[in-house]
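Before any comments, here is the structure.
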Amino acid sequence: MGRDLRSDHLPFAMPSRPFLLSQEWRNLTFMHWEVSVERLQPHIPDGLEIDLFDGKAYVGTIPFMMKNVRPRLLPAMPGISTFPEFNVRTYVKKNGKAGVLFLTLDAQSRVTCFHAPRKYGLPYRYAKCKLSTQGDVYRWHSKRRSDGAILSGECRAKGDLMQAKKGSLEEFLFERYSLYTNHKNKIHMAYTQHNPWEYREGEVDIITNTLTESYDLGIKDLHNPDHVHMSNGVHVHTWPIQAIEE
């Protein structure tokens, strides 16, 4: 049921205990905007530091397909293990370990949206989502149940398949092997392992983006990200969250 993943590229070792979940992240559109630290700071839990690249902070909005999410050694469950997810994330660090902080994870999975916030502190919110692919074009649409926030549009790939170069912005944005969350008023971290990302540059046509807009980050043009990339995706192993001692 498992899959061997590389470890020679990891910035830190994964835990010695077995991973908890296996999953795939597929057909991803990465849209990133540069944002001011001052506008981003209210979204950052106490105890975490905003991670900067050349003095700049970034927020990403990423529609994709979560596929075959399942506990280690167990099979995927039809109707439960695969669903579209649209997240808004930024980049933080703690004790020298760079990771991801999610502002939201909008998903069409009632099971995940019920259990993940309670068990892991992850800000999942239920949304009606669609994601389709046709060759080098990914189309996506989501509408959040609670407030109607929408992300709708499509992305077209261009250029050759690449991997991030050492010290590049793409390495900063993609090669992250942990996530942070504020669970029960305490900072927790979870390790995530996958092979290095393979991606292409992309061009987007965003119809509506009240999803990113809802976080009041001061982005002037929500329809034109500063950076766009596409990836077929990766296989992923994740470990349980653990509290971080101050």
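The values are calculated or read from the model by the stated rules, or taken from the named source; none is laboratory data. Because the structure is a prediction, the values reported are computed rather than measured. We place every Cβ from the backbone using ideal geometry, glycine too, and count neighbours over all the protein chains shown.
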For V100, work out the one condition from (1) surrounded by 21 or more Cβ atoms within 10 Å (Cβ to Cβ); (2) within 13 Å of the chain's Cα centre (by Cα); (3) under 23 Å from G202 (Cβ atoms) it doesn't fulfil.
(1)
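A quick yes/no check of all residues on (1) small (G, A, S); (2) buried (at least 19 other Cβ atoms within 10 Å of the Cβ):
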site: N95; (1), (2): no, no
site: V111; (1), (2): no, no
site: A116; (1), (2): yes, no
site: K119; (1), (2): no, no
site: K128; (1), (2): no, no
site: V137; (1), (2): no, no
site: A190; (1), (2): yes, yes
site: E201; (1), (2): no, no
site: I206; (1), (2): no, yes
Being under 12 Å from T90 (Cα atoms) and of a type in the set (V, I, T) is the filter; apply it to region 57-72 and report the residue that is nearest to the chain's Cα centre (by Cα).
I62
Tell me which residues, restricted to region 174-211, are farther than 18 Å from V92 by Cα and either of a type in the set (G, A, S) or part of a helix (DSSP H, G or I) (or both).
G202, T210, L211
For residues that are over 27 Å from R139 (Cβ atoms) and touching a residue at least 12 places away in the same chain (Cβ under 8 Å), tally how many sit in region 217-245.
9
Does region 130-150 hold any residues that are among the polar types (S, T, N, Q) and either farther than 20 Å from G233 by Cα or in contact (Cβ under 8 Å) with a residue 60 or more places away in the chain (or both), and which are they?
T133, S142, S146
Can you tell me which residue is surrounded by the most Cβ atoms within 10 Å (Cβ to Cβ) among those in region 151-173 that are free of Cβ contacts under 8 Å to residues at least 12 places away in the same chain and in a loop (DSSP other than H, G, I, E, B)?
S168
Spot the failing condition for V88; the list is (1) closer than 20 Å to N27 by Cα; (2) without any contact (Cβ under 8 Å) to a residue 40 or more places away in the chain, and only one is missed.
(2)
Please verify whether G233 is modelled with pLDDT of 95 or more and more than 16 Å from the chain's Cα centre (by Cα), treating the condition exactly as stated.
no
Please specify each residue of region 1-56 satisfying the condition of being among the acidic types (D, E), more than 18 Å from the chain's Cα centre (by Cα) and within 21 Å of L211 (Cα to Cα).
E38
Take the residues in region 176-210 that are closer than 29 Å to R144 by Cβ and of a type in the set (D, E); name whichever of them is nearest to the chain's Cα centre (by Cα).
E201
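Table: residues versus (1) crowded, with 16+ Cβ neighbours inside 10 Å; (2) part of a loop (DSSP other than H, G, I, E, B); (3) modelled with pLDDT under 95; (4) out of contact with any Lys or Arg (no Cβ under 8 Å at 6 or more places or on another chain).
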residue	(1), (2), (3), (4)
D4	no, yes, yes, yes
A13	no, yes, no, yes
R26	yes, no, no, no
I62	yes, no, no, no
M65	yes, no, no, no
P75	no, yes, yes, yes
S81	yes, yes, yes, no
P84	yes, no, no, no
V92	yes, no, no, yes
